[in-house]
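Just below is one structure, and these are the notes that go with it.
The values are calculated or read from the model by the stated rules, or taken from the named source; none is laboratory data. Everything numeric in this text was worked out from a predicted model, so none of it was measured. Please note that ligands, DNA and RNA were not included when accessible areas were found on the heavy atoms of the full protein model with its side chains. Shrake-Rupley method; radii C 1.70, N 1.55, O 1.52, S 1.80 Å.
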Amino acid sequence: MNNIIEKLDIEKVDWDYEQPIRKKNRKICDYEESILSCLLQKPSLMNELIVNENDFYKYRRIFKYFKTFYETFGCLDMVLMVNKIKKGDRHLLVEVYDKLIDFEPNTSCFKEYQKGLLEYNHENKEKILKERIISEILSSTLKLSHNEFTLEEYFEEIKKKEGEFTKCTL
């Protein structure tokens with residue numbers, strides 16, 4: 001531990017900080033990462049959520065995990081969070097955590113990040129839906145190739161996804 005502390009050179013820390021601004025043409029994952037990073041910085045922001053897991057695309061499972069964890073334990077303690085995940089998957093949460101703490105959004109903009117995500121989702125509804133359905137079809141194809149689905153079940157899944165897409169785009 002002392003070796004790690006000695007290697008930390010605070011003289012080389014980048015102390016410059018840019019105020020995050022709401023940009024046009026921002027990617028959906030930027031909003032998602034901003035929201036999740038704010039929650040890690042200030043978990044009490046969970047009480048100010050205007051988005052839900054269905055508003056997330058890339059980080060839906062992480063958002064759901066954070067929300068469930070906060071509702072259960074009243075905090076987002078990283079050590080406890082990692083210990084609650086099976087050992088083989090812990091590195092995945094640590095990688096996401098590392099990415100989110102590196103993102104540096106401003107917690108005072110939390111509501112703006114959420115509004116940005118909702119606006120993005122509204123403006124790109126069909127595109128997002130199409131990407132989700134393609135992802136689910138690929139997942140079904142993988143299950144078929146691993147013999148987790150019969151061919152009949154696979155085609156039923158495809159028809160179900162087609163129906164969902166049609167219903168949502170009308």
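Here are a few things to note about the model shown:
- Estimated at the nearest 10 Å², the accessible area of Y59 is 10 Å² with a 1.4 Å probe.
- For Y57, the amide hydrogen comes within under 5 Å of no other amide hydrogen, counting only partners 5 or more places away or on other chains and with H modelled in the peptide plane.
- ³J(HN,Hα) computed for each position of the range 89-103 - Karplus, 6.51 cos²θ - 1.76 cosθ + 1.60, integer Hz, glycine/proline x: 9, 4, 4, 5, 5, 5, 4, 5, 4, 4, 5, 6, 6, 7, 6
- The range 45-110 versus the range 119-139: alpha-carbon centroid distance in Å: 22
- Portion, in percent, of the accessible area of the range 45-170 that falls on carbon or sulfur, probe 1.4 Å: 52
- Straightening the chain between E71 and N147 buys 23.6 nm, computed as 0.36 nm per residue apart minus the Cα-Cα spacing.
- Cross-link pairs K86/K130; K42/K125; K64/K86; K58/K84 - those with Cα-Cα distance over 20 Å: K86/K130; K42/K125; K58/K84
- For the range 144-156, Karplus couplings with θ = phi - 60° (6.51, -1.76, 1.60), whole Hz, Gly/Pro x: 4, 5, 9, 6, 8, 10, 7, 4, 5, 5, 4, 5, 4
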